[in-house]
Amino acid sequence: QVQLVESGGGSVQAGGSLRLSCVASGYTYSAYYMGWFRQAPGKEREGVATINTNSGATYYADSVKGRFTISRDNAKNTLYLQMNSLKPDDTAKYFCAATRQPLVVSWRLKPEYYNYWGQGTQVTVSS
């Protein structure tokens, strides 16, 4: 019912920047949270940043705080992730996700609470 398509990934050197976009289509009305998640080979999927689509409140993983910024343009049904000061450890496939469920702080970065997912976009950061 909800389709999410990410774009903007690529290869950059450490210290560089990328901006990811996620366009939502289908029925997106009343979505509570959208977020960015990432998964590196051999590792579990982890939450990066989330945003309340109504209030704009954001929440970040400690590993990206101060470097990444999540934002949204509700009129365009688009979610963004501005990534600055990229590190090799940021290398992963990045996914956008959405949920219609209100989430307490402890749940907002947990993939299991999101039920709509994009296909992902690869981000590679070289040393």
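Observations on the structure shown:
- Here the range 2-74 exposes an accessible surface that is 47 percent carbon and sulfur, computed with a 1.4 Å probe and the other protein chains kept in place.
- Globularity index of the chain is 0.97 (Cα radius of gyration / 2.2 N^0.38 Å, N = number of residues).
- The range 1-58: antiparallel DSSP beta bridges as a percent of all, rounded to 5: 100 percent
- Heavy-atom accessible area for LYS110, with the other protein chains in place and a 1.4 Å probe, reaches approximately 80 Å².
- Cross-link reach list, lysines versus LYS87, counting only Cα pairs under 21 Å and skipping chain neighbours closer than eight places: LYS43, LYS65
- With eigenvalues of the C-alpha gyration tensor scaled by 5 and rooted, the range 79-127, Å: 24, 12, 9
The values are calculated or read from the model by the stated rules, or taken from the named source; none is laboratory data. Bear in mind the structure is a predicted one, so any value in this text is a computation, not a measurement. In case anyone asks, the SASA skips ligands and DNA or RNA and just uses the protein heavy atoms, side chains included. Shrake-Rupley method; radii C 1.70, N 1.55, O 1.52, S 1.80 Å.
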